[in-house]
1. Aspartates and glutamates within cross-link reach of Lys155: Cα-Cα under 17 Å, excluding same-chain residues under 8 positions apart?
2. Rounded to the nearest 10 Å², what accessible area does Asp27 have for a 1.4 Å probe in the complete protein model?
3. So which residue, out of Gln75, Gln136, Gln32, gets the largest mean-square fluctuation from a GNM of the chain using Cα contacts under 10 Å as springs?
4. What number comes out for accessible area per residue over the stretch 12-175 if the probe is 1.4 Å? Units Å², please.
5. Give the accessible area for Val54 in Å² (nearest 10); use a 1.4 Å probe, count only protein heavy atoms, and leave out ligands, DNA and RNA.
6. Please arrange Leu116, Leu146, Leu72 by accessible surface area, largest first, computed with a 1.4 Å probe and ligands excluded.
7. Figure the gain on full extension for Lys16 and Ile145 (residue separation times 0.36 nm, minus the Cα-Cα span) and round it to one decimal in nm.
8. Could you pull the Cα extents of the chain along its three principal axes, largest to smallest, in whole Å?
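The values are calculated or read from the model by the stated rules, or taken from the named source; none is laboratory data. What you are looking at is a predicted structure, and each value in this text was computed from that prediction instead of being measured. Note that each Cβ is placed from the backbone with ideal geometry, even for glycine, and that neighbours are counted across all protein chains shown. Surface areas here come from the heavy atoms of the whole protein model, side chains and all, with no ligands, DNA or RNA. Shrake-Rupley method; radii C 1.70, N 1.55, O 1.52, S 1.80 Å.
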Amino acid sequence: MPVLQLRYMGDPILRKKAAKVEPEEIDDKFRQFIADMLETMYTNEGVGLAAPQVGESKRLIVYDNMEAGYRLDPQALINPEIVEREGSCRGEEGCLSIPEIKDMVERAERIVVRGLDRDGNEMEIEAEGMQARVIQHEIDHLEGILFVDRLGGVKKRLAVSRWKKLRKELEARQSA
Ligand SMILES: [Zn+2]
């Protein structure tokens, strides 16, 4: 399974609203793409990944079901929609599209999400804590929102300027 090229903050695809996946698009080729996304997520030691982060502006997210133990229960959700939110909590987040930047973000404590599974069947899941945080973070990507957008003004500016420096280093390393 190929590991896909990650897109980094600054890439316009990360700011686009992703397109809904039509049921007829969910075929073996699409399932292979899901498998490649999961491979990309695990290779980069991530806990979640949204399709725009690998250059596909589609409403698809993958994540690790941490309750089962890392890498044991990979999940995919197509056209995910949060239908219930409850409570709020702060926790640290990072993003494979903004490597090395981490900060505290406020999220709903518990959510209910509806979407389609990789066979196109409707599904509904309930998540809380860290799992709910990951799913909310990934669904934000489908709206063109990055976690740094959820930081206060000064913290966001600091994170973005730190990232700009890191991005130059990263690009230098990749072309070396
Ligand atoms: Zn992210």
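1. Glu92, Glu93, Glu100, Asp103, Glu106
2. 70
3. Per the Cα network of the chain with a 10 Å cutoff, Gln32 tops the list.
4. Numbers: 8520 Å² over 164 residues.
That works out to 52 Å² per residue.
5. 20
6. Largest accessible area first, the list is Leu72, Leu116, Leu146.
7. Numbers: separation 129, 0.36 × 129 = 46.44 nm, distance 0.86 nm.
Here the answer is 45.6 nm.
8. Taking the Cα atoms of the chain, the three principal extents are 43, 41, 31 Å.
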